[in-house]
1. Just a yes or no: is a residue in the stretch A:138-155 polar (S, T, N, Q) and touching a residue at least 40 places away in the same chain (Cβ under 8 Å)?
2. Quick one: how many residues across the stretch B:64-97 are within 22 Å of A:Tyr101 (Cβ to Cβ), of a type in the set (Gly, Ala, Ser) and out of contact with any strand residue (DSSP E or B) (no Cβ under 6 Å at 6 or more places or on another chain)?
3. Can you name every residue in the stretch A:250-281 that is in a loop (DSSP other than H, G, I, E, B), in contact with a strand residue (DSSP E or B) (Cβ under 8 Å, 6 or more places away or on another chain) and more than 26 Å from A:Arg75 (Cα to Cα)?
4. Take the conditions crowded, with 17+ Cβ neighbours inside 10 Å and of a type in the set (Val, Ile, Thr) and apply them to B:Thr114. Does it pass?
5. Just checking, does the stretch A:5-28 include any residue being over 30 Å from B:Cys38 (Cα atoms) and touching a Phe, Trp or Tyr at 6+ places or on another chain (Cβ under 7 Å)?
6. Would you check if B:Leu73 is surrounded by 17 or more Cβ atoms within 10 Å (Cβ to Cβ) and over 14 Å from the mean Cα position of the chain (by Cα)?
7. Output the number of residues of the stretch A:53-107 satisfying the condition of being in contact (Cβ under 8 Å) with a residue 12 or more places away in the chain and of a type in the set (Gly, Ala, Ser).
8. Among A:Glu19, A:Glu62, which is closer than 21 Å to A:Phe261 by Cα and charged (D, E, K, R)?
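Nothing in this text is a laboratory measurement; each read-out follows from the coordinates by a stated rule. The model shown is predicted, which means the values in this text are computed figures rather than measured ones. Cβ sites come from the backbone with ideal geometry, for glycine too, and all protein chains shown count toward neighbours.
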Amino acid sequence: MSGEMTFHLGVTLYSFNHEFYTYRYSFEECMELVGTLGAGQGVEIVGPQMIRSFPELSEEFERRFKRAVEKNHLRPTAYGAYADPQRITGRLLTHEEQTEYLRTQIRSAHQLGFPVVRLQAVEPVFSDLLPYAEKLGVKMGIEIHAPNMIEEMQETIERVERINSPFLGFVPDCGAFCRSCARVYIDRFHQLGVNARVADRILALWRERPSAEKMASEVRKMGGGDLEQLMATESRVYFGHSDPQSLNRIMPHIVHIHGKFFGIDQSGTESAVRFPEIVSVLKNGGYAGSISCEYEGHHWTGERDVLEQIRALQALIVRECKASAQAPAS
Amino acid sequence: MFDEQIINGELLYPEPGGAPGVRLRIRLPWYRSLPLSCIERVEVTIDGEPVNRAEVSLTLDGLNHTLDEAAGLHDVWWFVLDTADLHIRRNKPLSPGDHPVTVTLGCRIPYSATDFVFRQVARCEKTLTLVGRDW
């Protein structure tokens, strides 16, 4: 197999969350930064992060977005939509409300030129929304994010297989495939003064995959307070235990990938996500869609050069593609 | 990252019209816009004294809402880059100058399609300076 990449690289603007929230970079500046990675770079947005008129799309944003795509030679890849079933106080959205809310967002994605909309596994996605997505030519991708695991999603996977439409599939988030918790997360909790003994126990427990309740009670027993409980919760929701090989189970139905990562060190190693294996599985599986690099170290520190981090991840992916071409086929 | 950001700026402003209240600017403690229905907790202390929930209201895009009203506003979106004005009604005026203020904002992050509720809580403590009219 050749060392050529079968898939396309891109960036989700969510990577710049810290800089965007603190007014350091505007939407246009984020787009320019992505453009510096080279012509044809993919770009993904989170709808309600960038669009003031969310869930509707204003003409103003449509114009700004298309202008920035053209100016920076970008390729729209995926629109981050939200089902938000608990949006109304005191009850879940009805089927009709849920359908309408997501239909509006699929329409926004289409008008902006996105071929994929990332969403969550709510009922209308499997029924009422499918003909609409098909009509607009937008693929719906159900995100698979820690603590969920491909290995434990048999029912949803079978449903998608039965429907067997190119307009319904999955968006795996690479944070689901971790070998450990991220360095930046550990460092931040120590900086905040976490009890070191409890912190070590949380990291050890993470490897055993206890339930949320078991983790919380262990932390409580050791005298952990709010900070230690937060550290325990975050270990479960950010750092998943799936095996990259499990991607093979859904390979034909992957419509897009979130290249989630937390921080790449000077040796070019990502501290938590099992990238070498993920890249090799995707390449050998013939995945031909996009990967949005999604830097999320910003949850614990604002003191990283995000663009440099993204460059480092893209270099890692290219390097691993070449390496997996030289390795005997598995 | 949100805790230290939710009180925007360093100032307390006197309310116009002579009523002895103050207002300050706050940010949404989340990475993306949420409807006001998801703002579940807004707790304020000034000079260490907790403010009664009924004395607190929010102004977003020029419209003022009590916290109970906000709970019903699932189509009013708080854009992630916007500040909201947090108004605090008072019986007696606050003296000009510095006042320690804490704000706790709790949001329902409406992801789940089950009974499970994910909540994001951010807390910020800052010394703010009351400017404007000399009370």
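1. Yes, because at least one residue in the stretch A:138-155 is polar (S, T, N, Q) and touching a residue at least 40 places away in the same chain (Cβ under 8 Å).
2. So the count comes out to 2.
3. Here is the first cut: in the stretch A:250-281, the residues in a loop (DSSP other than H, G, I, E, B) are A:255-256, A:262-263, A:265-269, A:271-272, A:274.
Going one step further and asking which of them are in contact with a strand residue (DSSP E or B) (Cβ under 8 Å, 6 or more places away or on another chain), we end up with A:255-256, A:262-263, A:271-272, A:274.
Those that are in a loop (DSSP other than H, G, I, E, B), in contact with a strand residue (DSSP E or B) (Cβ under 8 Å, 6 or more places away or on another chain) and more than 26 Å from A:Arg75 (Cα to Cα): A:Ser271, A:Ala272, A:Arg274.
4. Numbers: crowded, with 17+ Cβ neighbours inside 10 Å: no; of a type in the set (Val, Ile, Thr): yes.
Answer is no for this residue.
5. Quick first cut of the stretch A:5-28, residues over 30 Å from B:Cys38 (Cα atoms) only: A:5-10.
With the extra rule that they be touching a Phe, Trp or Tyr at 6+ places or on another chain (Cβ under 7 Å), the set shrinks to A:6-7.
Checked against the condition, which is being over 30 Å from B:Cys38 (Cα atoms) and touching a Phe, Trp or Tyr at 6+ places or on another chain (Cβ under 7 Å), the stretch A:5-28 yields at least one hit.
6. Answer is yes for this residue.
7. Summing the residues that are in contact (Cβ under 8 Å) with a residue 12 or more places away in the chain and of a type in the set (Gly, Ala, Ser) in the stretch A:53-107 gives 5.
8. A:Glu19
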